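Take a look at the structure set out below.
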Amino acid sequence: MSHSLRKSGIDQNLTTVEAVPHLTKDLSLVIPVYNEEDNLRPLADEIRAALGGTGLDYETLFIDDGSKDRSFAILQELAAEDEHIVAIRFRRNYGQTAAFAAGFDYARGRVIVTLDADRQNDPADIPKLLAELDKGYDVVNGWRENRQDNLIRRIPSRIANWLIAETSGVHLKDRGCSLRAFKAEVVKDLHLYGELHRFIPELVNFAGFSMSEVPVNHRARVAGASKYGLSRTFRVILDLFTIHFLRKYGDRPMQLFGRWGIILFALGALIGGYLTALKLWAGITGGMAGFTAMIIGDRPLLLLSVLLVIIGVQFVVMGLIAELMVRTYYETQNLRVYRIKEIINQK
């Protein structure tokens, strides 16, 4: 049996996604990898231990997101040793969202489970997620009941969870856990770009799929460095505006922009009319010139604040319009947000 079937090429990765792989497996694991050389072999061993006795026909897709260490070399070794392992290598670092998107595109399982490569997610919890999925849910989210991260990571995460829940209306105990199980039809139609992997629960909820949540084990990182930082929290907050906008106004943006445009135009017209009336009245009476100058006079800080508010609003609006343009670009042309250098072991 060949364990080194390579699909190496450029053309298929620059063109559109024309075909979804046939769902010939019971289960696909999708694992993004970035500089995790010390974790990959122990993780592969844990996956075999967790799934080896289940009787499931499964595959494990490791997506190497442009690692700079020996991650892909180790994945090559693992793929040569284990026919269940598929190694997908990006041409450069595209980010975790692109890695999940590639895994979803190439997964052949009727059920897809995602988890991180840092071994903080426990593969032994996968059967628990599958059992919950069998109850009729479309998505099962892992909930890190006893989270092992430090306060610097937990506090921003809790703030982000609260903001997302209040904005989206999707209330989960833990939306940052990568350990999730999906029916294949849920993720095959997801169009992920930017940083939208953080909002997969919101996206599938908006699409009408049912979700559940189960407690899972969470372990301290034992090797490698964390890829998460405060900058990710700020990106989550920015992406939150996009998700909220797409949920409420994605198909009718004029109702938002038009409403505020009319309000601002009317307010500006009223203020302009009022100042014009004062000017005309001062010209007629001749006694109001000083009062008019006081009202319309030079106020640098006021002018600066107004200018900053206007510029801020313009930036937000331009950002939302740009997000719509990016979404339209990828969805209408069905383009991938990543490029693959090679694939090992997918037959």
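Quick rundown of the values:
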quantity	calculated
Label point distance in nm, K188-F206, each placed 7 Å from Cα along Cα→Cβ	2.2
Cα shape, the stretch 159-230, gyration tensor, a/c 1.5 rule	prolate
Model label zone, L335; criterion: amide N under 17 Å from point 7 Å along Cα-to-beta-carbon; scope the stretch 186-206	191-195
Gain in span if fully extended, A277 to V222, counting 0.36 nm per residue against the direct Cα distance	12.5 nm
Under 5 Å, built H, 5+ apart or other chain: amide partners of K25	G109, R110
Loop trypsin sites (Lys or Arg not before Pro), the stretch 29-79, which have at most 11 other Cβ atoms in a 10 Å radius of their Cβ (DSSP)	K68
Karplus-derived 3J(HN,Hα), 6.51/-1.76/1.60, for each residue of the stretch 90-97, Hz, glycine and proline x	6, 6, 7, 7, 9, x, 5, 4
Relative exposure of F209, F241, F100, judged by other C-beta atoms within 10 Å (fewest first)	F241, F209, F100
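Bear in mind these aren't lab numbers, they're just calculated from the coordinates by the rules spelled out. Worth saying up front: this structure is predicted, and the values here are computed from it rather than measured. Glycine gets a Cβ as well: all are built from the backbone with ideal geometry, and neighbour counts include every protein chain shown.
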